[in-house]
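Undergrad: Before we start, here is the structure in question, set down as structure tokens.
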Amino acid sequence: MIIAIDGPAASGKGTLAKRIALHFGYPCLDTGLLYRAVARDCANAGHDLEDEAAAANAAGRLNPATLADPGLRLPGAGDKASIVAKFPRVRAALLEFQRDFAHLPPGAVLDGRDIGTVVCPDADVKLFVTADLAIRARRRFEEQAARGEAVSYERILDVIRGRDERDAGRPDAPMKMAADALLLDTSTLSVEAAVDAALAMITAAVKIN
Ligand code: DC
């Protein structure tokens, strides 16, 4: 069974994907890490992130063993990833790895922006996880403040808004809810309530299909 989870930054989709994978005993692929790693490798090679050829080259050479790099989770890495993610040649270079991961038995959970629309249009269940922009920014602010980082809520709000616009506005594989996806709005839900809601939606969808 393939479970596709898409949605904007800080919607809770990553946490949900991991918890859903744990529940079903499936591996989970955070596909955002692939784009984060491409941006890292492109920058480390001394190239501008707007250089499509350099970013595509980094994507073609990506070593999946480097996805555990904690630097990929730092604030700023997501925004850089969003820049290289707009290039069709970068996306094409990462497609096969994601599809191979999805199709290994017994199943998989993948989260990203285009899993239900492009990577796995054949997924058994598709969730589109979202939350109000202000609530997503507040969550990020609280996470970063709890780590002792000097952050501004307004700045985080601006960065997330810009990232949403870039990810949803690019012509190739934009962030978009698949026509057959189920919508889960986590704005008013605790993590546990969101996990329960997601599992209930998936269980019901699998029974119908
Ligand atoms: O999920 P994330 O915040 O780690 O993703 C970082 C960026 O990578 C995101 O802003 C856009 C890009 N991305 C993408 O274009 N397609 C995906 N399937 C996953 C991420």
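The values are calculated or read from the model by the stated rules, or taken from the named source; none is laboratory data. All values derive from a computational prediction rather than experimental measurement. Backbone-built Cβ (ideal geometry, glycine too); neighbour counts: all protein chains shown. Side chains are part of the model used for accessible areas, which takes the heavy atoms of the whole protein and leaves out ligands, DNA and RNA. Shrake-Rupley method; radii C 1.70, N 1.55, O 1.52, S 1.80 Å.
Undergrad: Which one of Gly32, Gly46, Gly60, Gly25 is over 19 Å from the mean Cα position of the chain (by Cα) and closer than 16 Å to Phe97 by Cβ?
TA: Gly60
Undergrad: Related question: Got a number for residues in region 1-25 being in a loop (DSSP other than H, G, I, E, B), in contact with a Gly (Cβ under 8 Å, 6 or more places away or on another chain) and either open to solvent by 60 Å² or more (accessible area, probe 1.4 Å) or within 26 Å of Asp158 (Cβ to Cβ) (or both)?
TA: Residues meeting the conditions: 1.
Undergrad: I'd like to check something: does region 76-85 contain any residue that is more than 16 Å from the ligand (Cβ to nearest atom), part of a helix (DSSP H, G or I) and either open to solvent by 40 Å² or more (accessible area, probe 1.4 Å) or in contact with an Asp or Glu (Cβ under 8 Å, 6 or more places away or on another chain) (or both)?
TA: no
Undergrad: Moving on to the next point. Give region 38-66 a look and list any residue that's among the hydrophobic types (A, V, I, L, M, F, W, C), assigned to a helix (DSSP H, G or I) and surrounded by 15 or more Cβ atoms within 10 Å (Cβ to Cβ), or say none.
TA: Across region 38-66, the qualifying residues are Val38, Ala39, Cys42, Ala43, Ala54, Ala55, Ala56, Ala58, Ala59.
Undergrad: Follow-up question, since we're still on this one. Just for region 67-110: of the residues that are of a type in the set (Lys, Arg) and free of Cβ contacts under 8 Å to residues at least 60 places away in the same chain, which one is nearest to His23 (Cα to Cα)?
TA: Narrowing region 67-110 to residues of a type in the set (Lys, Arg): 73, 80, 86, 89, 91, 99.
Still in the list and also free of Cβ contacts under 8 Å to residues at least 60 places away in the same chain: 73, 80, 89, 99.
Details: Arg73: 24, Lys80: 32, Arg89: 35, Arg99: 22 Å.
Top of the filtered list is Arg99.
Undergrad: Within region 169-209, how many residues are in a helix (DSSP H, G or I) and touching a residue at least 24 places away in the same chain (Cβ under 8 Å)?
TA: Looking only at that region, the number is 9.
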